[in-house]
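Everything below concerns the one structure shown next.
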Amino acid sequence: MMLAVCGAAVDIGFRRLRGAVFSVQNYPALYVADLGSAGIALAVALLLRYGFAELSTRPETASVLLWSGAQYIAICAIIFPLSGLYSRNWKYGSISDLLIILRAVLVTSLLLISLLFFSTRLTDMPRTVVPMQSLLLIAFLAAARLSFRAEEFPLARPVFKNGRDKGAGDDHQVPLLLVGAGDAAELYLRALARDPNSTHVPVACLDKNADQLGMSLRGVPIAGRVEDFERVVAELEQINKRPRHVVFTEAPANFGETASDELLRSADRLGIAVSRLSQLTELKLAKGDNPYELRSIELTDLLERPQAALDREAIARLVRGRRVLITGAGGSIGSELTAQVAACEPAEIVLVDNSEYNLYAIDMTLTETFPQVSRWSYLCSVRRNQRVEEIFDRHRPELVFHAAALKHVPMVQMNPREGVLTNVIGTMNVANAAKKYGTLAMVQVSTDKVVNSTSVMGATKRLAELYCQALDLHGLETAKGPRFMTVRFGNVLGSSGSLIPLFKRQLARGGPLTVTDPCMTRFFMTIREAVELTLQASAYGFEKQLGQGEIFVLDMGEPVKIVDIARRMIRLAGFTPDQDIEIKIIGCRPGEKLYEELFDESDKRTTSPVPGVLGAVPEPIPLPTLRNAFARLQRDAERGNDSGVVAVMRELLPRYEHDADNTEPPAVKNKRGRLQPKSRSKAGAPRRQIYQKSARSGLRNLPKERPRRASVAGLIEKWEARFA
């Protein structure tokens, strides 16, 4: 056994020695220079110690120097290769490689002291010589390796000295204006300087830090702040250096959402293309031949507003150690929700989804990223009450997140009974099971399309909100039962069927980009931010018993005009809107509104203590009334009675405007910029007043203010004719 270990050690040592010898062949001149530097460092150290005058009176010092120098050079000849000084490409050396030099010099100096101590007891060698020669040798070795990067020295090759070295005025060169003067910008400038074939010439930098104004980054002047974009462009144009490309070296959100958005609008107006650097850690395709590729700015970069303060400990307390059930777990929202819940160490996660592939995908994701979390996956439609109760009875979840829904407005509009069965009856099934099997809290994911809804999708989600509100208020009255919380927000980027992938596909085909209406706006939020705020609102609502009977509304900032997004994406792709790529107005689809809102006119707004979350209190409907109406909805939907489904929804939501009712726009903006429904009673009173008077006498006794509505077949014919 000992012989085997010794043999292995000898073999490893021999390989190491052979590798060190071969490494010297890579830099033979450097090896000789290093050995010469060792001897020179020792001689200079002795000279500094004694001086010329004293050395002339000490002839024995020459013999000491020769003997000690020979020993030291012999030591360095062995130790330097073994230390790895010649096994690196010093053209790409960095500060961290200085440790290799320090280690090599330290080892050789200690060995020299040891040899001199045993041979002469250090009688002829002053004690201060060895430290001085060590410092000198470190400087000599470092200087020799810096010579490998001589092309970066200003004397050898100017680095973007005001753009003169690469011909900023050449028509074949592309003047760049960099936004950001940090580490990423420095790495990008270094890469450009090393590439003799680069066609990009940086002419100036903008930065968020006013302290850097007037300074330069590798020869490129920092000309102003991000807010000074137009002024800097005008000044550069006066000296014939007008930038043709703006490059964000960091995420635009780092410079402030308002400033970045204003810069993009100005660049669009001035006809300047905008890109951002790919992250260094971002994986590239093997066929990509550009090591510092520019990529177009995604809308997610612009919408990453400063993150609302997150109480992650409160979120962890909500989830940690509890059994959690998530419906729609494989969908866009559900999958992100599942991942964030799994990160909080739940006792187990129960995944429920109606799509086999989505359920498989999220199950595999959890297997790879959170293998320690116990999980169960069920292929189940929330419409099936018996199956839902079977899952609840088996696992007795303590927390339920209900994200399952049919959400595509045109599809649900053409299939209203399917939307009712999933969004209304499915929510009722999950909520009833949560109440029956002792769940602590249920959180429902809602949408801004419930506000002044003109679509079946919005109306069905509004009914789901009202049902959870009624259950929450019932629990408050009876002092028992779970918390039922609803979180409402607008469009999320990256979800299935979202806007950006559609525009990308249309751009790849050469256009046109289809926009429903020039005035259409939407609220947008990233999936990650929406889920984080949903969890935080749920944690506060459950732990502190906040917002009972309320809707948590996520603060989504200002709405974004869809046509502006289309123009921006065309510009970022390097084309000119309406010239290279057409923007085609196709008209609103069935059920769509021009403007979305986060609050209904009947909602009472409240101040929420949750950061990034607002509060809304809808006008409640009694729980028995909802259950009676939902039974009729389910019966009509299962029988295929679309007109009956729509009629019941109108009884519950008198302000609901169905797309088939009229051909005029479903809503208009009032003076405050908010939507208000067009329909009024004959006496001019709002429908809400009629509903308030009629609710006391029961839904069946509501006055019939409209004639019988057209069937869904007429709606389909109308929709097909519009797109024929």
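Listing for the model above:
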item: Hz values of 3J(HN,Hα) by residue in the stretch 390-406 - Karplus curve (6.51, -1.76, 1.60), Gly and Pro given as x; result: 4, 5, 5, 5, 6, 10, 6, x, 8, 10, 10, 10, 9, 10, 6, 5, 8
item: Highest average packing first - 182-195, 632-645, Cβ atoms within 10 Å; result: 632-645, 182-195
item: Phi to ³J(HN,Hα) by Karplus 6.51 cos²θ - 1.76 cosθ + 1.60 over the stretch 463-479, Hz, x for Gly, Pro; result: 5, 5, 4, 5, 5, 5, 5, 5, 5, 5, 5, 5, x, 5, 5, 8, 6
item: 5 angstrom amide H check on Val179, placed H, neighbours 5+ away; result: Leu206, Val247, Phe248, Thr249
item: The stretch 370-482 shape via C-alpha gyration tensor axes, a/c threshold 1.5; result: oblate
item: Percent carbon-and-sulfur accessible area, the stretch 490-566, ignoring ligands, DNA and RNA, probe 1.4 Å; result: 52 percent
item: Listed pairs Lys480/Lys544; Lys436/Lys480; Lys407/Lys480; Lys449/Lys604 exceeding 23 Å between Cα atoms; result: Lys407/Lys480
item: Most to least packed among 243-251, 346-354, 417-425 [average Cβ atoms within 10 Å]; result: 417-425, 346-354, 243-251
item: Cα shape, the stretch 169-251, gyration tensor, a/c 1.5 rule; result: oblate
item: Listed peptides 43-50, 441-448, 538-545 by packing density, highest first (mean Cβ within 10 Å); result: 441-448, 538-545, 43-50
item: Overall form of the stretch 360-412 per C-alpha gyration tensor (a/c, 1.5; a/b vs b/c); result: oblate
item: q = 0.18, 0.23 Å⁻¹, the stretch 516-629: log10 I(q)/I(0) [Debye, one scatterer per Cα]; result: -1.02, -1.24
item: Val174 long-range amide H proximity, modeled H, under 5 Å; result: His200, Val201
item: Karplus (6.51, -1.76, 1.60) ³J(HN,Hα), θ = phi - 60°, over the stretch 609-624, in Hz, Gly and Pro reported as x; result: x, 8, x, x, 10, 10, x, 9, 10, x, 5, x, 10, x, 4, x
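The values are calculated or read from the model by the stated rules, or taken from the named source; none is laboratory data. Only a predicted model underlies this, so the values are computations on that prediction, with no experimental measurement involved. Using ideal geometry, Cβ is built from the backbone for each residue, glycine included, and neighbour counts are taken over all protein chains shown. Just the protein is used for accessible areas: all its heavy atoms, side chains included, with ligands, DNA and RNA removed. Shrake-Rupley method; radii C 1.70, N 1.55, O 1.52, S 1.80 Å.
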